[in-house]
1. Going through the range 25-51 one residue at a time, which ones are at positive phi and touching a strand residue (DSSP E or B) at 6+ places or on another chain (Cβ under 8 Å)?
2. Quick check on the range 197-206. Is at least one of its residues in contact (Cβ under 8 Å) with a residue 40 or more places away in the chain, surrounded by fewer than 23 Cβ atoms within 10 Å (Cβ to Cβ) and within 28 Å of residue 103 (Cα to Cα)?
3. Which condition from (1) without any contact (Cβ under 8 Å) to a residue 60 or more places away in the chain; (2) under 22 Å from residue 21 (Cα atoms) is the one that residue 175 breaks?
4. Would you mind telling me which numbered condition in (1) free of Cβ contacts under 8 Å to residues at least 24 places away in the same chain; (2) surrounded by 15 or more Cβ atoms within 10 Å (Cβ to Cβ); (3) out of contact with any strand residue (DSSP E or B) (no Cβ under 8 Å at 6 or more places or on another chain) residue 67 fails?
5. Can you name the number of the only condition in (1) under 20 Å from residue 177 (Cβ atoms); (2) within 23 Å of the chain's Cα centre (by Cα); (3) in contact (Cβ under 8 Å) with a residue 24 or more places away in the chain that residue 122 fails?
6. Just one of 189, 180 is touching a residue at least 60 places away in the same chain (Cβ under 8 Å) and within 17 Å of the chain's Cα centre (by Cα); which is it?
7. Counting only residues that are surrounded by fewer than 21 Cβ atoms within 10 Å (Cβ to Cβ), touching a residue at least 60 places away in the same chain (Cβ under 8 Å) and farther than 19 Å from residue 29 by Cα, how many does the range 134-160 have?
8. How many residues does the range 28-48 contain that are under 18 Å from residue 75 (Cβ atoms) and touching a helix residue (DSSP H, G or I) at 6+ places or on another chain (Cβ under 9 Å)?
């Protein structure tokens, strides 16, 4: 079953810039997909159509069969977005307060909010930090907090925009572990990046954008060669002739 269906998606900004140019793409429920491309290729613009933060100039995005633009509330419940800058998503005075923000906006009773908060903190590995103030967290912990806030909304799809940006090695390991865990737990996971080496061996599909168009789309081992010409760093293992493990696809 396709959880996301994109047909002829075109987006032109008010200044005339063509950011997306007739994209056709489907994402199956339960997939782990990496969307790569150089800066300005259209990755973030594409993601923002999944939960109606942007509206198409032409074409349509459907989430579980329903137009995201026509029912943005539903799309935002089904698709959770973790932005590049986690500080932009943090609003609570404590870690637990921050995770409770989304469910609270849905008008849930306090006991149900608490259950969701506890579950999201446990799934993100943040239970021990529930009473910490968010500004005291490390970069990796802040990303995990943003993930927990999304998980508390119980989405079917979790989308990450450049999740490894500005993280040190420890933070990258924390976030990557979270992505893999989410996929293993049954979530559909989409990750945008221009540096695919950190995550590609966990993905079942690689989609490459260039100038607002899909120029590569398929299993990583079939489409990864030559991606540096499209502004995407080819993983060292691929350069050495090592294949993406078949069991990941």
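The values are calculated or read from the model by the stated rules, or taken from the named source; none is laboratory data. Please read these numbers as outputs of a predicted model, since none were measured by experiment. Methodologically, a virtual Cβ is constructed for each residue, glycine included, from the backbone with ideal geometry; neighbour enumeration extends over all protein chains shown.
1. The initial filter retains those residues of the range 25-51 that are at positive phi, namely 30, 37, 40, 42.
Once the filter is applied, which keeps residues that are at positive phi and touching a strand residue (DSSP E or B) at 6+ places or on another chain (Cβ under 8 Å), the range 25-51 yields 30, 37, 42.
2. no
3. (2)
4. Going through (1) free of Cβ contacts under 8 Å to residues at least 24 places away in the same chain; (2) surrounded by 15 or more Cβ atoms within 10 Å (Cβ to Cβ); (3) out of contact with any strand residue (DSSP E or B) (no Cβ under 8 Å at 6 or more places or on another chain) one by one, residue 67 breaks only (3).
5. Looking at each condition in turn, residue 122 falls short on (3).
6. One residue alone meets the criteria, 189.
7. Qualifying residue count for the region: 0.
8. Summing the residues that are under 18 Å from residue 75 (Cβ atoms) and touching a helix residue (DSSP H, G or I) at 6+ places or on another chain (Cβ under 9 Å) in the range 28-48 gives 2.
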